Amino acid sequence: MNSVRKVDVAVVGAGLSGLTAAWRLQQAGCTVVVAEAAHRCGGRLKNSNPVSGVPLEMGGAWTGPSQDAVHALADELGVRRYSSQAHRAGDVLWDADGRVERFDGLEPPLGEAGKACYRRAVSELDSLSRAIAPECPWNAANAAQLDAMTLADWLERNVTDPRIVQYLGQRFTAMLAMPPTLVSMLYVLYFLATCGGFESSRAGASQRFEGGSQELALRLADRMGGSVLFESPVRTLRMSTSGVSVDATSCTIEARKVIVACSPKDAGRIMFTPNLPPRRQLLHDRLPMGGCIKMHAVYDTPFWREDGLNGAVASDRPDTRVVYDHTPAAGTPGVLTTLIVHHPATHFGPTPDVLDDPDLRARRFVHNLVDLFGRKAEHPITVLQQDWLSETWVGGCESPFPPHLLTLVGDALRAPVGDIHWAGTETSTQWIGFMDGAVHAGQRAAEEVVSLLQPCTVSPAPGLHHSHLPR
């Protein structure tokens, strides 16, 4: 029979959002237990150490200007960040229709007419996104119309140059881990609104954390001590008038409040008793997660910089649509990274043999890099791969809304259900889908709970009062 632990708050999920919520609750004097299904913390943050102990991010990696919440947390934890702008000095490669050419990376090299079309499209996207309130995009005046169309629909109807349609489709596919044919246009504008616009969303990938982004989660978990239970998937949440009973593998947690800090898809693995309200359940049942394989080709040095390249590529190859320079702060090893977005149900992405065979996938990646960067790319030290759809306790990458769902169930994203509150980057109103969104969501959920617990079991730490819970 499992042991029983009684606390003020149980947190489900030791990703960045759940650990942020737990840490803020602990600072406010609440007793907390975090139940994590996996053997590690971090969720969609995961480091790998392939060469000389230098960590490389296999999941979320980048941050950027205006992402104040994750920056403040990093400063608090003593995790330094560095600018990757130096890595961006040099030309970008444009790879289309079997032809590779260089450009400055600011606008696609498609002539003045193509650039003008690109500027009009970006301007229209930003204009539309400014009309969307991040707290309630489903209340926009034309929300139903926008939610009924996909991003692909909007691009085809509003962008006259098919090359710009393709380019913007590639950009959003990389950001959302979902093809444009499956993403609601309302969600795209909601996403942009939380980021401050299209160019701001691009700048959101201009900095990285020393030691790899998972270091944030590792340090939070260390500060939580024995309050984080690993290999403890939650099977059932039972709500009653006296609180919530959390049935995890390692123990039963009796709590006054619960914060579920995972994606809606992952929360769908939990049985809730009594049943969740219908629209919250629909959110769990129908909100997908994008499929993404992250691959690093690791070299002794970033040799492409010697050729005046910054390592970035925009391509029409289905298995190498984007490439980034992922070299760490020290300058070695040199790392080129691609994101393979795939959706097997719609046959989007590379051919099935590439999806099914990691060795073939690695060979194809290196072959493409040789085509793009020359013979120096032929012999990497190693190729690292992370297929997020295959991660046991993580159902994928981003969670972009398909058509019609955001207006139907969007207001259930953050609405508490009895004593259950919701975190995770999907619930943020700032930088949704990013690490910053995860931190914002964790802190917002912690604030909700602290305001309702009068008082917590343990007195607040000196100098920290409920009304001063950090944002």
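The values are calculated or read from the model by the stated rules, or taken from the named source; none is laboratory data. Remember, it's a predicted structure, so these values are computed and weren't measured experimentally. A quick note on method: Cβ atoms are made from the backbone with ideal geometry, for glycine too, and the neighbour counts reach across all protein chains shown.
Take the residues of segment 106-127 that are assigned to a helix (DSSP H, G or I) and of a type in the set (D, E, K, R): which is surrounded by the fewest Cβ atoms within 10 Å (Cβ to Cβ)?
Applying the first criterion (assigned to a helix (DSSP H, G or I)) to segment 106-127 yields 111-127.
From what is left, the residues that are of a type in the set (D, E, K, R) are 112, 115, 119-120, 124, 126.
Details: 112: 7, 115: 16, 119: 12, 120: 15, 124: 14, 126: 17.
Across segment 106-127, the extreme among qualifying residues is 112.
Select from segment 222-239 the residues that are in contact (Cβ under 8 Å) with a residue 60 or more places away in the chain and out of contact with any Ser or Thr (no Cβ under 9 Å at 6 or more places or on another chain) and list them in ascending order. Lay out the reasoning, then the answer.
As a first pass, look at segment 222-239 and keep what is in contact (Cβ under 8 Å) with a residue 60 or more places away in the chain: 223-224, 227-234, 237, 239.
Selection gives 223, 224, 228.
Determine whether residue 25 is closer than 30 Å to residue 313 by Cβ and crowded, with 24+ Cβ neighbours inside 10 Å. Don't jump to the end; show me each part of the working.
Numbers: closer than 30 Å to residue 313 by Cβ: no; crowded, with 24+ Cβ neighbours inside 10 Å: yes.
In short, no.
Which of (1) under 30 Å from residue 71 (Cα atoms); (2) in a helix (DSSP H, G or I) does residue 155 not meet, given it meets every other one?
Answer for residue 155: the failing condition is (1).
Out of the residues in segment 43-66 that are over 23 Å from residue 13 (Cα atoms) and of a type in the set (Gly, Ala, Ser), state the one that is surrounded by the most Cβ atoms within 10 Å (Cβ to Cβ).
Per the stated criteria, the residue is 64.
The conditions are (1) at pLDDT below 90; (2) surrounded by fewer than 23 Cβ atoms within 10 Å (Cβ to Cβ), and residue 291 fails exactly one of them. Which is it?
Checking residue 291 against (1) at pLDDT below 90; (2) surrounded by fewer than 23 Cβ atoms within 10 Å (Cβ to Cβ), the one that fails is (2).
Suppose we keep only residues that are surrounded by fewer than 22 Cβ atoms within 10 Å (Cβ to Cβ) and part of a loop (DSSP other than H, G, I, E, B) within segment 333-369. Which one would you say is modelled with the lowest pLDDT?
Restricting to residues being surrounded by fewer than 22 Cβ atoms within 10 Å (Cβ to Cβ) and part of a loop (DSSP other than H, G, I, E, B), the top hit is 347.
When you look at residue 330, is it of a type in the set (A, V, I, L, M, F, W, C), loosely packed, with under 15 Cβ neighbours inside 10 Å and within 18 Å of residue 51 (Cβ to Cβ), yes or no?
On the way: of a type in the set (A, V, I, L, M, F, W, C): yes; loosely packed, with under 15 Cβ neighbours inside 10 Å: yes; within 18 Å of residue 51 (Cβ to Cβ): yes.
Yes; evaluated as a whole, the condition is true for this residue.
Mind listing just one residue for me: the one in segment 217-276 that is among the β-branched types (Val, Ile, Thr) and outside any strand (DSSP E or B) and, of those, surrounded by the most Cβ atoms within 10 Å (Cβ to Cβ)? Steps first, please.
Of the residues in segment 217-276, the ones among the β-branched types (Val, Ile, Thr) are 228, 234, 236, 241, 244, 246, 249, 252-253, 258-260, 270, 273.
Okay, now just the ones that are also outside any strand (DSSP E or B), so 241, 249, 270.
On the way: 241: 6, 249: 13, 270: 19.
Once the filter is applied, the top-ranked residue is 270.
Please determine whether any residue of segment 291-300 is touching a Lys or Arg at 6+ places or on another chain (Cβ under 9 Å), in contact (Cβ under 8 Å) with a residue 40 or more places away in the chain and assigned to a helix (DSSP H, G or I). Before the answer, list the steps.
Narrowing segment 291-300 to residues touching a Lys or Arg at 6+ places or on another chain (Cβ under 9 Å): 293, 295, 299.
The next check asks that each one be in contact (Cβ under 8 Å) with a residue 40 or more places away in the chain; those that pass are 293, 295, 299.
Checking which are assigned to a helix (DSSP H, G or I) leaves us with none.
So far as segment 291-300 goes, no, none of its residues is touching a Lys or Arg at 6+ places or on another chain (Cβ under 9 Å), in contact (Cβ under 8 Å) with a residue 40 or more places away in the chain and assigned to a helix (DSSP H, G or I).
Give segment 108-166 a look and list any residue that's among the aromatic types (Phe, Trp, Tyr) and farther than 22 Å from residue 437 by Cα, or say none. Full working, then the answer.
As a first pass, look at segment 108-166 and keep what is among the aromatic types (Phe, Trp, Tyr): 118, 138, 154.
Result: 118, 154.
Any idea which residue in segment 128-165 is surrounded by the fewest Cβ atoms within 10 Å (Cβ to Cβ), counting only those that are under 18 Å from residue 318 (Cβ atoms) and over 23 Å from the mean Cα position of the chain (by Cα)?
Restricting to residues being under 18 Å from residue 318 (Cβ atoms) and over 23 Å from the mean Cα position of the chain (by Cα), the top hit is 162.
Counting only residues that are in contact with a strand residue (DSSP E or B) (Cβ under 8 Å, 6 or more places away or on another chain), farther than 14 Å from residue 118 by Cα and not polar (S, T, N, Q), how many does segment 149-166 have?
Residues flagged as in contact with a strand residue (DSSP E or B) (Cβ under 8 Å, 6 or more places away or on another chain), farther than 14 Å from residue 118 by Cα and not polar (S, T, N, Q) within segment 149-166 amount to 2.
Kindly check whether there is at least one residue in segment 191-205 that is of a type outside the set (Lys, Arg) and without any contact (Cβ under 8 Å) to a residue 40 or more places away in the chain.
Step one: of segment 191-205, the residues of a type outside the set (Lys, Arg) are 191-201, 203-205.
Cutting the leftovers down to without any contact (Cβ under 8 Å) to a residue 40 or more places away in the chain gives us 201.
Yes, segment 191-205 has at least one match.
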